[in-house]
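The block underneath contains the structure these notes are about, expressed in structure tokens.
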Amino acid sequence: MGGYILKRLLLAIPVIFGITVIVFLIMAMIPGDPATAILGSYATPDNVAKLNRDLGLDKPLVARYFIWLGNMLHGDFGTSFSLNRPVIDEVLERFNNTLILAGTSFVLCTVLGIIAGSVSAARQYGFADKAITFVVLLGISIPSFFLGMMMILIFAVDLRWLPVSGMYAIYGGGDLADLIRHLTMPALALAVVATGVVARLSRSAMLEVLRQDFIRTARAKGVKESRVIWGHALRAAMVSIIPVLGIQAGFVLSGAVYIEIVFQWPGIGRMLVDAILQRDILLVQGGVVFVATCYVIFNIIVDVAQSLLDPRIKT
Amino acid sequence: MSAFFKLLARNRLALGGLIVMGLVVALALITPLLPLIDPDVTNTADRYLPPFSPGHLLGTDQLGRDLLSRLLWGTRLSLAVGFAAALFAAVAGAAVGIIAGFYSGRTDNIIMRGVDMLMAFPYILLALAIVAALGPGLVNALIAVSVVNIPFFARNIRGITVGLAHKEFVDAARLSGMSNPRIIVSEILPNVIPVIVIAMSTTIGWMILETAGLSFLGLGSQPPQADLGSMLGEARSALITNPHTSVIPGIMILIIVMSINLLGDGVRDALDPRLKSGALSRPMAATRVDRKDKPAARTQTDGLLSLENLHTQFHVKNRVYKAVSGVSLSVKPGECLGVIGESGSGKSVTALSIMGLVASPPGVITGGAARLEGHDMIGAPYPELRSLRGRRVAYIFQDPLATLHPLYKVGDQLIEAISCHRAISKSDGRAKAIELLKSVRIPNAEQRIDSYPHEMSGGMRQRVGIAMALANDPDVIIADEPTTALDVTVQAQILSLLNDLRRERGLAIIFITHDFGVVAQLCDRVSVMYAGRIVETGPTMAVLNAPAHPYTARLIACVPELGGGKRKLEAIPGLPPSVDDLPTGCAFAPRCLRAQDACKQGEIALDGMGPRAVRCLFPETNVAEETA
Amino acid sequence: MSIALQVTDLAKTFPVGKKLFGGAKGAVKAVHPITLSVETGETLGIVGESGCGKSTLARMLVGLLPATTGQIEIEGEALNTADPAAFGKRIQYVFQDPISSLNPRKTIRQIMNAPLKLLHKMDGPAREKRILEIFESVNLRADFLDRYPHEFSGGQAQRIGIARALAAQARILILDEPVSALDVSVQAQVLNLLADLKREFGLTYLFISHDLAVVEAVSDRIAVLYFGSVVEEGRAEDIFANPRHPYTKLLADSAPVVGRPISDPEDAHAELPNPLDPPQGCAFAKRCPHASDICRKTTPRLEQIGADQRVACYHPL
């Protein structure tokens, strides 16, 4: 097992390396002069040239890449000009907030999705199946940002149950209860789409598994139906559900961008959109590389979970 | 193609999706022709008019622009961008996927590493990075969304192509002189296109949502031009004061995406061949029973297990497949009954019907009884049936790799077979499992108990299958072609094991097979099935030495036997009838040399004296005489 | 008699597993060097159990799989390219699974046209005429031509597969388990058809099967394959009646035969050899009641024994 984890980690190194190359190349395609963007259009040519030198922009592309990579390996992601703050500090703080939101949603969508999909499959064509299928369809068809806006209108403005936006109340907040009150709506809005996808997949995976011969064997042994469904069938279905959970984590992280904007959540998605609009390249680069690296590591955890479940995967 | 539309139309939800989608597309197409106010004309005096205001059916936005006009023009834009993105991603992704999957090896490795790299990003990060590089704008958003989705298509199509590239028809095309590019175009592509269509129809909705999302963030369409996403984005600041400006475009997106998703599901179902046959429905815990005449719940029978006039059918759409039509048989303790027939003869369905294990839907038991010591199990309530399964009547199935759970250790599967009928402690269960493995002559049982099925050979797995059937000391074992998937030397081992077990334990065995040699060696009596009925039954050697039914006689004759040397074989002309369209009278008559007009009319009874019986008007040997 | 197919030291090794960096972890010898010859007009049967390398051998013979070492000569001409099109005109293949050997999205006419057009560059009318001739000889109706593969039963589909092989006008056919997917009553029809075609067109067959009785019924000579090697070769009427290799005897004794009492012909339950870690010496030694020290040390060579038999055993029966 230890060997397998080590192997997966080693294999991740070229992937992370590739990510930095892709991000760097995309950013290098940006037309125009970053120094001008930073200094504004009234900058003197001397100032622009000096800043370019300071930023290392007068060097060739390959050299710039390796300087950037080397600095990152030392934990130096550069300084954001729009926030006038080290990129890494901003990214860590923002990512932490996103993690609270996206993590909650991910747990919700995994648990709800698998349960809903399995119930739906076990009661195929029954009322529960039809109801779940309809709700799931609605879930995967509604834009999460629109859903979030409607939730604000109903639960915050109309019913006044929950706060409109933000992560903590401005006055007197800051405790866990306050966080949960602020977290409820965005986490739910974010979870809905992913829940739909997980539920659909779980349903079809369960239907596929329930037709297998080994399910018939279990029934022929006299195993109780509840154990056939929640033991034999779900366990086998998890083999095809788990890899999709890895992909879904990416969708939840992506959806977080919209939700953070709708609910004014101080997460990394909002930071990135602002940084793009401000053309704060170092902040965009640093943020993207950091989040993508975390996602790669998360997917390694998913693979390890998969190998624990399925003995046929050689460890 | 017309069959495809018929299938699509049968799915009411998909039809609804198609109609709504059609309406939206039609509206989008005729938008330029409609007498609408220019969507970009501002009129700050008329800001935020509510819906149903004079001159503005849906009201106006923050700059006093007509919402109806903006909505329709926005819909047009969103649809166009969504479709374009889906098409571009599908074509590019499919091309990459087919090349990687078909050429495999190094090409595949390099391409898929690149794809993996792109998939290592949460998709929006990549989209944001691309938009950041190209600058905000609708066309750039379209490019970003397409590029981000190419890996999904590429992976999906590659998987399908790898499967196809190993199909025998690709080898056959090679031997017909086709070059690789020609094979891709003429053999692979036609089989991949339905998958591309399915993938596209199920992702267009996504593409529309994603482009709308980028516009919502202000990175897609730029003012004054608006698609649905940017309308929502601009309206967000006035969400609380003027919700209608948000609600209207939001609902439009919902309607579009939902109708596309409904339609996409319909397209998938219509194109997916597995669903055509209704195969993707889940079998219930027990076969559905729908008997017109209910036989008595309890009677006296001479056999331990006996079937009385069993009828099992498969109801698929409007067709009724009469898999088993009126089978009666019985076994005594210590006796082995062989049931022999070709594929489609109903022998396996008969075996599975006994304990309600026929997949249902589509299977239905429509008549008859299966009695264990006189007690009918087909009509029994499910909890009772479950308690009999594996405890009194146990099964051994054909393919031991598919019939054992791949993720449980064989020991745990054995222990479960015991523990679902009686409480047993962990250590006792383990001891009993080891004992069972030893009883089926598995070497190193103490170690083997912790193996997974894939770690064992086919013969060893089938021994585990037999051990599992023996776990609760059942009275009857139903073995459904237990040696068909095994090599001949392994088959001999398994048959000898089964034979010993039955003598030691006095088991009654119903042995389903297509092999006369196996029947001859193992079974006391044999029943021959053809087209869902028993055509002949009797003591094994009597039937084999002097078959009475012409089918039995000709079937025995056309099987080559070892030691016969090179020769011309006796063949039976024609094909077995399809069980959804059985002829009246004898089902074998169209292939039978002895058939006369009488054979093709009315029911023919299974007639005979003592243990021998035959369902034939003109049998090869007279059973009555012979027994007398 | 001329030699139709001569195989010399043909072998195939597959790499298995992948190291983290660089090449393969190990290699599986699927086919050990095999030397065989088939005379014109003869049927050579090849029997063996699953995993013995019989399908690998067949795929090498038609160029679908490049050989690791060895030569293939067809009618005296060496064929050392791995291009199936070069093989196509000289040697053809009939597949085990008749349905999956036909592209589900092409009509039978399209399938039949391909070899005529690509291998023989025939024009439209000539192709049509030829297809009808072939269909006539395999007893298929001409109106089948415009149908799709899923409309056919296994037996019909296998006739179509045979018709396609005939269209290439090769004089040697590799029949890879051509009837094992079919029901017994249909099996006999196809086997008889194959016998008729052989007579009519003067074909040479290599017939691969796991079913001893079927192989015996159609073959002139039979080679028994075990763990990638030919362990015995001889005339069909002798080889199972009078086996000289203990494995051939085990096979013959295991086949269920009417009238023979049931018995486990193998007392020891030795597991099959592991292809990743092949045993030294004779691969059958672990299961063999006659095995001695030399068997476990060096691999026996295939040697002539009696008039028409060859056997690879130090202690032939």
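The values are calculated or read from the model by the stated rules, or taken from the named source; none is laboratory data. Quantities reported herein were computed from a predicted structural model and do not represent experimental measurements. Cβ: placed from backbone, ideal geometry, glycine included. Neighbour counts: every protein chain shown.
Here are some notes:
- Residue match in segment A:230-238 (condition: at pLDDT below 90, closer than 25 Å to A:Leu99 by Cα and not β-branched (Val, Ile, Thr)): no
- The condition of being touching a helix residue (DSSP H, G or I) at 6+ places or on another chain (Cβ under 8 Å) and of a type in the set (Val, Ile, Thr) holds for only one of A:Ile67, A:Ile140, that being A:Ile140.
- Residue check for C:Arg310: at pLDDT 90 or above and either of a type in the set (A, V, I, L, M) or not in a loop (DSSP other than H, G, I, E, B) (or both): yes
- Number of the condition not met by C:Asp143 [criteria: (1) touching a His at 6+ places or on another chain (Cβ under 9 Å); (2) free of Cβ contacts under 8 Å to residues at least 12 places away in the same chain]: (1)
- Residue match in segment B:367-383 (condition: touching a strand residue (DSSP E or B) at 6+ places or on another chain (Cβ under 8 Å) and over 23 Å from B:Asp475 (Cα atoms)): yes
- Inside segment B:441-469, residues that are among the β-branched types (Val, Ile, Thr) and closer than 17 Å to B:Ala485 by Cβ make up a count of 2.
- Enumeration of residues in segment C:127-140 that are surrounded by 13 or more Cβ atoms within 10 Å (Cβ to Cβ) and under 14 Å from C:Gln169 (Cβ atoms): C:Arg127, C:Arg130, C:Ile131, C:Ile134, C:Ser137
- Being part of a loop (DSSP other than H, G, I, E, B), hydroxyl-bearing (Ser, Thr, Tyr) and in contact (Cβ under 8 Å) with a residue 60 or more places away in the chain holds for only one residue in B:Ser325, B:Ser306, B:Ser281, and it is B:Ser281.
- Test: residue in segment A:265-283 that is in contact with a strand residue (DSSP E or B) (Cβ under 8 Å, 6 or more places away or on another chain), at the interface with chain B (Cβ under 7 Å from one of its Cβ atoms) and surrounded by 20 or more Cβ atoms within 10 Å (Cβ to Cβ): no
- Listed conditions (1) in contact with a strand residue (DSSP E or B) (Cβ under 8 Å, 6 or more places away or on another chain); (2) of a type in the set (D, E, K, R); (3) within 12 Å of chain B (Cβ to nearest Cβ) are all met by C:Arg171, apart from (3).
- Taken over segment B:465-515, residues that are more than 13 Å from chain C (Cβ to nearest Cβ) and assigned to a helix (DSSP H, G or I) amount to 8.
- Which numbered condition B:Ile208 misses (of (1) in a helix (DSSP H, G or I); (2) free of Cβ contacts under 8 Å to residues at least 12 places away in the same chain; (3) closer than 30 Å to B:Ile251 by Cβ): (2)
- Candidates B:Ile157, B:Ile99, B:Ile143, filtered to the one that is closer than 25 Å to B:Leu228 by Cβ and either part of a helix (DSSP H, G or I) or among the hydrophobic types (A, V, I, L, M, F, W, C) (or both): B:Ile143
- Of the helices (runs of 4 or more DSSP H) lying entirely inside segment B:540-628, those containing at least 3 residues that are out of contact with any Ser or Thr (no Cβ under 9 Å at 6 or more places or on another chain) and free of Cβ contacts under 8 Å to residues at least 40 places away in the same chain are B:623-627.
- Condition check for A:Ser202: within 25 Å of A:Gly117 (Cα to Cα), buried (at least 17 other Cβ atoms within 10 Å of the Cβ) and at the interface with chain B (Cβ under 8 Å from one of its Cβ atoms): no
- A count restricted to segment C:232-264 and to residues that are facing another protein chain (nearest Cβ under 7 Å), of a type in the set (Phe, Trp, Tyr) and assigned to a helix (DSSP H, G or I) stands at 0.
- Tally, over segment C:60-86, of residues that are at the interface with chain B (Cβ under 10 Å from one of its Cβ atoms) and in contact (Cβ under 8 Å) with a residue 40 or more places away in the chain: 2
- A:Ala220, sole failed condition from (1) of a type in the set (Gly, Ala, Ser); (2) facing chain B (nearest Cβ under 8 Å); (3) farther than 14 Å from B:Ala359 by Cβ: (3)
- Of the residues making up segment B:317-360, those that are among the polar types (S, T, N, Q), modelled with pLDDT of 90 or more and under 19 Å from the mean Cα position of the chain (by Cα) number 1.
- Scanning segment B:219-243 for residues that are more than 10 Å from every other protein chain (Cβ to nearest Cβ), touching a helix residue (DSSP H, G or I) at 6+ places or on another chain (Cβ under 9 Å) and surrounded by fewer than 18 Cβ atoms within 10 Å (Cβ to Cβ) yields B:Gln222, B:Pro223, B:Gln225, B:Ala238.
- Some residue of segment B:78-90 being assigned by TED's automatic domain parsing to the domain that holds B:Leu232, closer than 25 Å to B:Leu239 by Cβ, among the small types (Gly, Ala, Ser) and assigned to a helix (DSSP H, G or I): yes
- Of all residues in segment B:399-417, those being closer than 22 Å to B:Leu498 by Cβ, within 9 Å of another protein chain (Cβ to nearest Cβ) and surrounded by 20 or more Cβ atoms within 10 Å (Cβ to Cβ) number 4.
- Qualifying residue in segment B:182-196 (condition: more than 10 Å from chain C (Cβ to nearest Cβ) and farther than 22 Å from B:Ala92 by Cβ): no
- Residues of segment B:341-389 that turn out to be assigned to a loop (DSSP other than H, G, I, E, B), within 11 Å of another protein chain (Cβ to nearest Cβ), in contact with a Lys or Arg (Cβ under 9 Å, 6 or more places away or on another chain) and within 16 Å of B:Leu304 (Cα to Cα), as a count: 1
- Taking first residues from segment B:35-59 that are without any contact (Cβ under 8 Å) to a residue 12 or more places away in the chain and partners that are among the polar types (S, T, N, Q), the Cβ contacts under 9 Å between residues at least 6 apart in sequence or on separate chains come to B:Ser53/B:Thr60.
- Just one of the listed residues (A:Leu308, A:Leu253) is part of a helix (DSSP H, G or I), out of contact with any strand residue (DSSP E or B) (no Cβ under 8 Å at 6 or more places or on another chain) and facing chain B (nearest Cβ under 9 Å), namely A:Leu253.
- Taking (1) hydrophobic (A, V, I, L, M, F, W, C); (2) in contact (Cβ under 8 Å) with a residue 24 or more places away in the chain; (3) at the interface with chain B (Cβ under 9 Å from one of its Cβ atoms) in turn, A:Ile247 satisfies each apart from (2).
- Residue check for C:Ala195: assigned to a helix (DSSP H, G or I), among the small types (Gly, Ala, Ser) and under 30 Å from C:Pro300 (Cα atoms): no
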